Amino acid sequence: MNTSRQAGRLLMAAGALGVLGERLLNGPGVGLNLTLLVVAWLGAWLLLARGAEAPAPRWVIVPIVLCALGFTWRADEALWFFDLMGIGVGVGLMALPTLRREGRLVHAGVGSLALSGGQTALAFAAGALPALADALRADPGQARRAGREMLVATARGLVLAAPPLLVFGALLMSADARFDRLVSGLIDLRFEALLERAVVVGFVAWTGAGLLWNALRPVGPAMPARALPTGTLGGVEVAVIAGLIDVLFLGFVAVQGSYLFGGDKLIATQSDLSYAEYARRGFFQLVVVAGLSLPVLLGLARVAAAGPGSRLFRPLAGLQIALLFLILASASHRLLLYVSQFGLTLDRLEAAAVLTWIGATLLWFAATVLRGRAERFLPGGLAAAAIILATLHLVNPAAVVVEVNLGRASAGVPLDVHYLADLGADAMPALVAALPDLPLGDRELATRTLCSRRPAEEQPLAWNYGRARAAAAMKGLRADCEAQP
């Protein structure tokens, strides 16, 4: 922060967030409460940004709010994890120096975003310490004196307010039984409950202060971004690194050629190879290749830019991308084969979404970085991730899994009722609607399982659309559930 006064405002806002967070999170369930907490943090940022130096543009709050709404919309924990990642990326963008100076992402690189993400994680852990240091930096003696005066004045006000509070409180408690129970419950608090609430208040306030400080700290020389060196590798180094990786990938494709698209014929000729082993090998290759290749390509593109190495890098990188697409196609083929044999699961559907994002990112890498437009890669990569995440929320993965497996069951394939009933609240409406069409044995098993997993009564602050739809769908099975032993 720029002044001790602004740092003090930040600490006050963080304290208010802590109290609000304890009220929102006081009770079981995840839903509207987390959405409101994220929106409250953004509101504090908007208020404090008025006095900050070059704050991030206001549009950056839009993707954060949309991700926060995911906690209220779906009841899928995997989607919540992706939403949380999206919020983390958005908060990291708010602290990105390039975005704060220029107001756009075009010239922001992946390395600067990674550095900003690391700084955001450190700020999350450091909490209120940087803001406290800023509050005391200008005039520590004056700040301490002002703090002591504030504490004395507050204590004096509490003492003077005690008599009228006791008198008026006793009269109001005697006038209304519900108010009497409310006040009595507040007074008769156990030490464990007080400690638990204090921990929640402290955690929310501490981390909220750190993230606010990180998003509003001065940009420029105070915390410079250490970008990778540009144009420091020559043609020989680039050719050796990229060429050896291409040779490795070519050797892998050649040796594993019979496994890449072998399918049913390969499995039929291999007595020790099952469908599960066949699919797992493909996904292992995908995780390793996708996890390591793209960062290496981005790093090589950065250090080879504007140098003689760029002329060799582009064809070698193009070949590597082609090989990556071959492995992506193989993994997709294995996934489809696995689904045709064992059905669709949430893990497999989400793996398909990850495959789609990897393929789209590789295409965007070829269209931008390999054509000398590296500054456009980051916005496109983030946009692809946002589109896929939004699509997952729109289609409701759990309901899709239910419908696909019910379709397979209508064709005579055995149905795993236990798995479908365990998919959670998002799957319940589709499964309840399909109960009349199930065979008697499957219908009874599904009814018993659904009744044992029906959503509990919703807390208002933890309201969730997916759980509300599940509760409404389960009302039609109330009689069946009451008849269960």
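The values are calculated or read from the model by the stated rules, or taken from the named source; none is laboratory data. Not measured: the values here are computed from a predicted model. Please note: Cβ atoms are built from the backbone with ideal geometry, for glycine as well, and neighbour counts cover all protein chains shown.
Tabulated values for the structure
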{"item": "Among the residues listed as Leu382, Leu378, the single one being at pLDDT 90 or above, closer than 23 Å to Leu96 by Cα and among the hydrophobic types (A, V, I, L, M, F, W, C)", "result": "Leu382"}
{"item": "So Gly424, is it under 20 Å from Leu66 (Cβ atoms) and not assigned by TED's automatic domain parsing to the domain that holds Leu115", "result": "no"}
{"item": "Of all residues making up segment 81-139, the number that are of a type in the set (Asp, Glu) and out of contact with any Ser or Thr (no Cβ under 8 Å at 6 or more places or on another chain)", "result": "2"}
{"item": "Residues being free of Cβ contacts under 8 Å to residues at least 40 places away in the same chain and either more than 30 Å from Ala399 (Cα to Cα) or over 14 Å from the mean Cα position of the chain (by Cα) (or both) - total across segment 41-77", "result": "10"}
{"item": "Elements of type helices (runs of 4 or more DSSP H) in segment 344-461, at least 1 residues being of a type in the set (Ser, Thr, Tyr)", "result": "346-368, 377-395, 397-410, 417-421, 440-452"}
{"item": "Residue in segment 125-138 that is basic (Lys, Arg), modelled with pLDDT of 85 or more and touching a helix residue (DSSP H, G or I) at 6+ places or on another chain (Cβ under 9 Å) present", "result": "no"}
{"item": "Selected residue [farther than 27 Å from Leu363 by Cα and outside the structural domain of Leu344 (by TED's automatic domain parsing)] from Leu392, Leu382, Leu378, Leu438", "result": "Leu438"}
{"item": "Verdict on Gly424 being closer than 30 Å to Asn26 by Cβ, surrounded by fewer than 20 Cβ atoms within 10 Å (Cβ to Cβ) and small (Gly, Ala, Ser)", "result": "yes"}
{"item": "Leading residue by the ranking (surrounded by the fewest Cβ atoms within 10 Å (Cβ to Cβ)) among those in segment 5-30 that are modelled with pLDDT of 80 or more and among the basic types (Lys, Arg)", "result": "Arg23"}
{"item": "Residue match in segment 375-385 (condition: surrounded by fewer than 17 Cβ atoms within 10 Å (Cβ to Cβ), over 26 Å from the mean Cα position of the chain (by Cα) and of a type outside the set (Val, Ile, Thr))", "result": "no"}
